[in-house]
Every structure is written in structure tokens, then in C-alpha cells.
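First comes the structure, then the notes that go with it.
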Amino acid sequence: MKILVTVKRVTDADSIIEIKPDGSGIDLSGIQFTINPFDEIAVEEGVRIREAHGGTLTVVSIGSENCQNEIRRALAMGADRGILITAPGELDSDTAARILVKVVEKEQPDIILMGKQAIDLDDNQVAQLLAEYLRWGQACFATRIELTGNKVVVDREVDGGIEVVEVILPCVISAELRLNKPRHIPLPAIFKANKKQIDMFSVSELDIDTAPKVIVQNLEVPAKPKLCYILETVSDLLEVLKKNGITT
């Protein structure tokens, strides 16, 4: 069983985000970074699958050389090996998916695990795009994964509850928050991870067009919300609606 898990470096959820004065992007000076929480869940699930079924677990990240920190965390959780595709600037979801296609062609995994979305851009697109480009089956928003032979049964969270789907290997699965709880990493595992292999490649070596299909033109701080009202009766509500020109 060859398992491939994607790991993205994102801004820490507790960081205070500020936009650059010219609106061209986020000011990253002094910002703390971490592994995308949904990707961490995917890594944990990959480790559990490998422990139950054997095989190898490889994690892959795309970005600057600083992404090695997040790869090392995944290695400390139990991954066997890391791959870093260095790429300049921010990539859109389509470019990230096409880069991963090249990695998959080289690694030939049986199953790809991903976080359902990254908490920085919140696009929730890469897993679906990757499955389409590979022509593989997919199951998004997984809350339970069970392997049986060459099939995977997945409980996936949908608006109406839980949907159970079955996909044939190889396949792409994206992890929902309730899939598992990532394990605590002991100190010896962190030291051991520093000795594990990370293969580094430049995106320029992959022979793909990295021109983004989505271009951010400008960012701005949302307008401050209007005053809120705390009302006690329906009559008070109707009066407020009337004053604001809202008829019932």
C-alpha cells in the first residue's frame, strides 16, 4: 500500500491578519505558520492506514523551502518520507492540482489523502481537480475510511447527514474535521523526523504551465458592520424594520 498525503503550510489560525497598504496581499511579517489542520488529520489517517495495512506513507508539500518545517511535523507523526516542490509566490488551486499530478505520476500511490480545504484560501478545490485530472474516483469530506481489498468505503459528511460511498483504488479522499484526532507527537519522534528523507524539486523541473487561472486583483478590509439591536418584543422589531424602510 503506497499512501500519498498532501501537506500545506498556512498561517496560524490565531495570528492577526493584516492587509498590505497597497491591497496587493497579506502582510506576512511576524506571522506564525503551521501545518494546515485538515492536512494534519489526513496525515494521521494515513499513518493509521499504514499501521493497519502496511506499506509506505509519503507526504508532499508545494511552496517555499520553509515548508520543510511542516513536512518534518508530518514525518514526526509517522510519515516515512517527504517531497517538497519549491515554487515561487502563491499558487491557485488548479496549478497546485496539476503539480500534484506530476508527483502522482512519479510516485504511483494507491491512495491520496488530503485535507478537505486549506484554512488560508478556503478554496476546497484541489482534491476535486486532482481526481478529475487523474480520472480517479474520489470521496470528499470523509468522516470514516475503511479499506477492504481494492475498495474503500467512506462515510462523507453532507448537508443532510452522512452519505456512504464506495470507491476503487487508486482514489483521492479529502479529510473532514471529524475523521480523527491527530496524535500527540513525543519528543523522540521529532528528533527521529530530522533524520528522515525529504526530496526537493523545483516546479520548473515538472514541465507544466504555472500561469494562474485565478488572479487576486486587490484585497480590502470588510466594512464595519452596522449597529445591532437587542430587542425584547415583536413590536420593537416591527418598529425597527419600519424605521429602516423594511416592510413586512
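Read the figures in this text as sums done on the coordinates, not as results from a lab. Keep in mind it's a predicted model, so treat the numbers as computed, not measured. Every residue, glycine as well, gets a Cβ built from its backbone with ideal geometry; the counts of neighbours run over all protein chains shown.
Tabulated data for the structure shown
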quantity: Within the chain, percent of DSSP bridges classed antiparallel, to nearest 5; calculated: 40 percent
quantity: Simple label model, 7 Å out from Cα along Cβ direction - Arg135 to Ala13, nm; calculated: 3.9 nm
quantity: Check: the chain dipole with +1 on Lys, Arg Cβ and -1 on Asp, Glu Cβ, in debye; calculated: 640 debye
quantity: For Lys181, net neighbour charge (Lys/Arg +1, Asp/Glu -1) across residues whose Cβ lies under 15 Å away; calculated: -1
quantity: Cross-link reach list, aspartates and glutamates versus Lys116, counting only Cα pairs under 12 Å and skipping chain neighbours closer than eight places; calculated: Asp39, Glu40, Glu157, Glu176
quantity: Candidates Lys181, Lys224, Lys151: whichever shows maximal mean-square fluctuation once the chain is modelled as a Gaussian network with Cα springs under 10 Å; calculated: Lys224
quantity: Region 174-188 - phi-based ³J(HN,Hα) in whole Hz, Karplus 6.51/-1.76/1.60, Gly and Pro as x; calculated: 10, 8, 8, 4, 8, 5, 6, 10, x, 6, 6, 9, x, 4, x
quantity: Relative contact order (percent, whole number), the chain, Cα cutoff 8 Å, 6+ residue spacing; calculated: 23 percent
quantity: Extension reserve of the Glu205-Lys181 stretch, reckoned as 0.36 nm per residue once the Cα distance is removed; calculated: 5.0 nm
quantity: With 10 Å bins from 0: P(r) over the chain, alpha-carbon pairs, percent; calculated: 7, 28, 30, 18, 9, 6, 2
quantity: Reachable lysines, given that their alpha-carbon falls under 18 Å from the alpha-carbon of Lys226 and they are not under 8 places away in the same chain; calculated: Lys242, Lys243
quantity: Helix 234-243 vs. the chain, principal-axis angle (Cα, 0 to 90°, nearest 10); calculated: 80 degrees
